[in-house]
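What follows is a set of notes on a single structure, which appears directly below.
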Amino acid sequence: MIPVIALVGRPNVGKSTMFNLLTRSRDALVADFAGLTRDRKYGEGHVEAGRFIVIDTGGITGEEQGIDAAMAEQSALAIAEANIVFFVVDAKAGLTSADELIAKLVRTQGKKTHLIINKIDGMNPDVAAADFYRLGFEHVHFTVASHNRGVRSLAEDVIREAIEEDQSDSESEDAGIKIGIVGRPNVGKSTLVNRLLGEERVVVYDHPGTTRDSIYIPYERMGKRFTLIDTAGIRRRKNVKEAVEKFSIIKTLQAIDDAHVVVLVLDARENIVEQDLHLLGFALDAGKSIVIAVNKWDGMNPESRSEVKAELTRRLHFVPFVNQHLISALHGTGVGNLYKSIEEAYDCSMAKWSTNMLTRILEDAVLEHQPPMVRGHRIKLRYAHQGGSNPPIVVVHGNQTTALPDSYKRYLENTFRKVLKVKGSPIRFEFKTGENPFANKKSKLTPRQQRTQNKRNDVSKPNRLGKAAKKKQAPRQR
């Protein structure tokens with residue numbers, strides 16, 4: 001499951017600066033002004049170890065009134081929905097009563113906490129941390145967020161540890177194929193879950209926001225194990241007002257990351273909106289297999305059905321490999337066909353291919369359409385092998401691969417997808433350029449080669465003799 005990091009601390013200790021560094025964005029306002037951040041802000045970060053979600057919060061002082069009290073409540077909710085807490089303190093200001101109050105709040109939540117001592121520039125770290133050790137936290141780190149020192153390396157270590165722990169926990173439980181049912185509110189996700197299960201397992205009500213949390217339901221079908229994940233609907237950010245709904249959003253994003261196959265449920269009676277595409281894009285970025293279910297297809301006249309099909313073709317042209325199903329979760333029409341696409345997408349995402357097969361496909365693709373020229377030299381792609389599964393990763397080795405244009409990368413992806421018959425799952429490509437073993441190395445000349453080189457240098461030297469000397473050296477003419 002994707003890790004969630006909450007940044008908490010007093011006002012103006014550098015939480016928003018750290019948020020921007022972790023997400024590599026400028027989404028959070030940063031200024032030398034206490035209380036600038038008021039609501040929780042979510043962002044997605046990437047490090048070499050994996051992906052994570054980070055939450056920026058307003059400062060807590062313990063003396064909040066009015067809007068400041070609401071800010072403190074937002075910070076408490078962020079701690080509740082995170083599984084890792086970055087408790088940020090100011091080394092220059094030293095330990096305060098507000099820091100002790102926040103430390104007590106974090107301990108009551110029982111979350112894994114890392115104490116971040118920020119703003120240590122120009123200070124001895126041991127001296128700066130002396131007072132903060134009284135808080136009793138095991139994990140203590142030193143950073144200078146304003147100068148980007150120590151933040152990314154800290155996230156790399158913490159996320160790697162969190163992912164390794166999550167993988168060790170998941171290996172002990174065989175839940176089969178995990179199917180995440182996602183979509184906007186009131187598109188029929190819970191109804192579809194009940195129809196897939198064949199029983200009334202989750203609450204269904206004609207009102208948006210009935211489902212609050214992600215519900216995991218393991219079951220067996222025809223001897224195969226599955227786990228259905230019913231998630232809360234995600235609305236546009238400006239329409240999200242309840243605190244519990246904000247909590248549901250993070251759970252839905254975690255469910256997408258935890259699932260093997262994501263079933264995106266759309267409403268046939270409403271046009272595809274940006275929120276649907278955002279959910280689809282998040283699932284693709286996470287490398288998940290996808291199946292699209294267009295619900296509430298029953299009762300529509302032929303003209304409306306044609307318009308819906310045309311809209312699906314127009315808006316979803318960038319995912320031609322994803323299977324689309326026109327269903328009615330209420331009456332069960334077309335629901336049974338979803339399993340075939342789900343299993344096909346899962347099998348494609350977990351497929352194994354030999355290096356010989358992938359290299360032959362690469363050679364045929366290059367023979368059919370050569371890579372472009374770069375600085376007078378042709379880009380050469382030599383061989384390919386598989387680098388991972390779920391999603392499948394194809395590693396291509398060659399020279400000057402960094403100069404390969406995106407259009408040619410798309411050509412390779414389409415070629416591999418067509419030959420390997422990959423449906424429902426994205427394919428990721430990694431291009432690696434081999435190092436030149438003779439770079440920065442000077443060959444040693446043999447004595448004979450050295451003498452020849454010296455003669456050539458002597459011949460190539462310009463003759464600096466004067467006119468008088470040239471006449472004197474010139475042969476006598478008879």
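The values are calculated or read from the model by the stated rules, or taken from the named source; none is laboratory data. All values reported here derive from a predicted model rather than from experimental measurement. Virtual Cβ from ideal backbone geometry, glycine too; neighbours counted across all protein chains shown. Just the protein is used for accessible areas: all its heavy atoms, side chains included, with ligands, DNA and RNA removed. Shrake-Rupley method; radii C 1.70, N 1.55, O 1.52, S 1.80 Å.
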Consider Glu343 carefully, then state whether it is closer than 25 Å to Gly281 by Cα, over 23 Å from the mean Cα position of the chain (by Cα), in contact (Cβ under 8 Å) with a residue 40 or more places away in the chain and outside any loop (DSSP other than H, G, I, E, B). yes
Residues of the range 17-50 satisfying the condition of being among the polar types (S, T, N, Q) and modelled with pLDDT of 85 or more: Thr17, Asn20
Being at pLDDT 85 or above, open to solvent by less than 80 Å² (accessible area, probe 1.4 Å), among the polar types (S, T, N, Q) and within 21 Å of Ser349 (Cα to Cα), is that true of even one residue in the range 390-397? yes
Of the listed residues (Ile379, Ile361), the one being at pLDDT 95 or above and β-branched (Val, Ile, Thr) is Ile361
Pick from the range 362-389 the residues that are assigned to a strand (DSSP E or B), out of contact with any Phe, Trp or Tyr (no Cβ under 6 Å at 6 or more places or on another chain) and not aliphatic (A, V, I, L, M): which of them is least open to solvent (accessible area, probe 1.4 Å)? Gly388
Every residue in the range 117-145 that is within 30 Å of the chain's Cα centre (by Cα) and more than 21 Å from Ala98 (Cβ to Cβ), please. Glu138, Val144
Output the residue which, of all residues in the range 146-175 that are surrounded by fewer than 17 Cβ atoms within 10 Å (Cβ to Cβ), in a loop (DSSP other than H, G, I, E, B) and out of contact with any Pro (no Cβ under 7 Å at 6 or more places or on another chain), is modelled with the lowest pLDDT. Ser172
Select from the range 290-313 the residues that are assigned to a loop (DSSP other than H, G, I, E, B) and exposed (fewer than 15 other Cβ atoms within 10 Å of the Cβ) and write down the one among them that is modelled with the lowest pLDDT. Gly299
State the number of residues belonging to the range 1-16 that are at pLDDT 75 or above and part of a loop (DSSP other than H, G, I, E, B). 7
Pairing a residue in the range 103-129 that is at pLDDT below 90 with any residue that is basic (Lys, Arg) and surrounded by 18 or more Cβ atoms within 10 Å (Cβ to Cβ), where Cβ atoms lie under 7 Å and the two sit 6 or more apart in sequence or on different chains, gives none
What number of residues within the range 405-426 satisfy the criterion of being closer than 26 Å to Ser289 by Cβ and either of a type outside the set (Lys, Arg) or buried (at least 19 other Cβ atoms within 10 Å of the Cβ) (or both)? 15
Output for the range 427-437, where each listed residue is open to solvent by less than 80 Å² (accessible area, probe 1.4 Å) and over 21 Å from the mean Cα position of the chain (by Cα): Thr433, Gly434
Tally up the residues in the range 88-137 that are open to solvent by less than 40 Å² (accessible area, probe 1.4 Å) and not in a loop (DSSP other than H, G, I, E, B), please. 18
Do any residues in the range 1-12 that are touching a residue at least 60 places away in the same chain (Cβ under 8 Å) and farther than 11 Å from Val54 by Cα have Cβ atoms under 9 Å from those of residues that are charged (D, E, K, R) and surrounded by fewer than 24 Cβ atoms within 10 Å (Cβ to Cβ), where the two are at least six apart or on different chains, and which pairs are they? Met1/Asp166; Met1/Asp257; Met1/Asp258; Gly9/Asp90; Arg10/Asp90; Asn12/Asp32; Asn12/Asp90
For the range 123-154, the count of residues that are more than 22 Å from Pro11 (Cβ to Cβ) and small (Gly, Ala, Ser) equals 3
Only one residue in Ala72, Ala76 is small (Gly, Ala, Ser) and either at pLDDT below 75 or closer than 20 Å to Val158 by Cβ (or both), so which one is that? Ala72
